[in-house]
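Structure first, then comments.
Since every read-out is calculated from the coordinates, none of them should be taken as a lab result. Here the structure is a predicted model, which is why all the values come from computation and not from measurement. Reconstructed Cβ throughout: ideal geometry from the backbone, glycine too, with neighbour counts over all protein chains shown.
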Amino acid sequence: MKFYIYGAGTFGKKAIENYVKYFRESVDDECLGIIDREKCGQIYNYKINTWEKTKCKYQGEAIIIAIECIDTMKAIVNALQSDNIKNIYWYLDNDWSCETGGKSFFSCHCLDVSEGKTDILPQVEMHIVDGCNLNCRGCTHYSPIFDNSKFPNFSERVQDILKLKDKVDYIRRFYILGGEPFLNPDIAKYAEIVRKVLPASRITIVSNGILIPSIEDDILKRISNANVEISISEYKPTHAVIDKITDKLKNNKVKYEIREYEIKQKFNIPLTSNIDTKFPQLCISNGCVTIWNGKIARCPSLMYIDELNARFGLNLPNEGIYDLNDIVSGTDLINKMNEKVPLCNHCVKNEIEWQVCGKKAVVEDFVSTL
Ligand code: SF4
Ligand code: SF4
């Protein structure tokens, strides 16, 4: 298919680079040029022109919008549609699919966004265990109050993903986490099924890494084969075994990133029960849409609030948690996930040094009264 790339910024350059490196010589897809509102010049010999100039010679080719910001992409889709352009795609920055070979640039990297198919969720998270082996004070998933030996029902979790997938056009990033996801012996099975259900999404397991040196190689290989990455949050106990963790991941060819350790690592007591709080407001989970037990909420702090309330006899507001069955459309879902909820008034910046809870978590580990 012949196409133009719309966007000559970082994302556009990456799109051209991937096309040239992996597809130009091997498949029929042919790039004709680059469109940009401000930039001029050329990238890899492809000339950059404005849409107005390109329009004069346009003959129904595909336009691939290579701009990262979803709202900007949507605005360009609308503008192109008002010019009667029908063949519109969004460039997906999923590098791993380039290496699979044999596919077209379009099947690896392009999402069809013509006909207004732009109900896109940037990020979704899902627990595969609620509890953790580290129990940090201030955990925004309240993992220290959960039993870390209990695991969810696998098919119910998959049902949640399928229901969500059914509502939206695309999920850009999907995080498998907890708690500590490596506590769940089915972690590779989850990686494989999420990849199967969401073939074009970037999928990441988020872990504190401590268990990784003792995980069977076969499990890590299955995660790697499913093109699922691991993101390690490097807490103090993680830092102590970081070489063992990275060796293990390298040996099993798992793609990983380390969210690096800082000596004076700051954490946060995320909530206050006091509406006239002395602390400044802080949202640390904006956009971390969470699915759990057939429900969806705009962030983990809200999703698990009923459990926190029940555990400590609190009455923090829980409005904004929806049954996945009650969501009528992707637009409805995205609007709901963007609405401020009453709990937002209780989210504050209240920094502490990183530390773990005592033998049993107490309310002060998560909620201040100040
Ligand atoms: S390691 Fe992460 S999930 Fe576990 S308690 Fe700490 S912050 Fe929560
Ligand atoms: S409740 Fe609101 S302010 Fe608090 S973390 Fe969630 S989205 Fe952010």
Under 17 Å from the Cα of Lys57 - lysines, other chains or at least 8 residues apart: Lys2, Lys47, Lys86
With at most 12 neighbouring Cβ atoms within 10 Å, loop GluC sites (Glu not before Pro) (DSSP) excluded, longest segment of the chain: 39-215
Segment 283-353: trypsin sites (Lys or Arg not before Pro) falling in loop per DSSP and having at most 16 other Cβ within 10 Å: Lys340, Lys349
Cα-based Rg of segment 2-116 normalised by 2.2 N^0.38 Å, two decimals: 0.98
Approximate shape of the chain as ellipsoid semi-axes (Cα gyration tensor, √5λ), whole Å, largest first: 40, 25, 19
Using θ = phi - 60° and Karplus 6.51 cos²θ - 1.76 cosθ + 1.60, couplings along segment 113-122 (whole Hz; Gly, Pro as x): 10, 6, 6, x, 7, 10, 7, 10, 9, x
Gaussian network model of the chain, springs between alpha carbon atoms under 10 Å - residue of Gly330, Gly116, Gly320 with greatest fluctuation: Gly116
Phi to ³J(HN,Hα) by Karplus 6.51 cos²θ - 1.76 cosθ + 1.60 over segment 16-32, Hz, x for Gly, Pro: 4, 4, 5, 4, 5, 6, 10, 10, 4, 7, 9, 10, 7, 4, 10, 7, 9
Charge-dipole axis of the chain as Lys and Arg at +1 and Asp and Glu at -1 on Cβ define it, positive-most pick from Ser273, Gln159, Thr118: Thr118
DSSP-loop trypsin sites (Lys or Arg not before Pro) across segment 119-183, with at most 13 other Cβ within 10 angstrom: Lys150
Difference of contour (0.36 nm per residue) and Cα-Cα distance, Thr369 to Thr72: 102.8 nm
Karplus (6.51, -1.76, 1.60) ³J(HN,Hα), θ = phi - 60°, over segment 123-135, in Hz, Gly and Pro reported as x: 7, 9, 10, 8, 6, 10, 7, 8, x, 9, 9, 10, 6
At most 12 other Cβ within 10 Å, DSSP loop - trypsin sites (Lys or Arg not before Pro), segment 1-84: Arg37
Neighbour net charge for Glu216 - beta-carbon separation under 14 angstrom, K R +1, D E -1: +1
The chain: most fluctuating residue of Ser26, Ser224, Ser104 per GNM, C-alpha cutoff 10 Å: Ser26
Segment 120-368 - charge dipole about Cα centre, Lys and Arg +1 at Cβ, Asp and Glu -1, debye rounded to 20: 440
Label-to-label distance, nm, for residues given as Asp112 and Ser233 (7 Å Cα→Cβ offset): 3.9
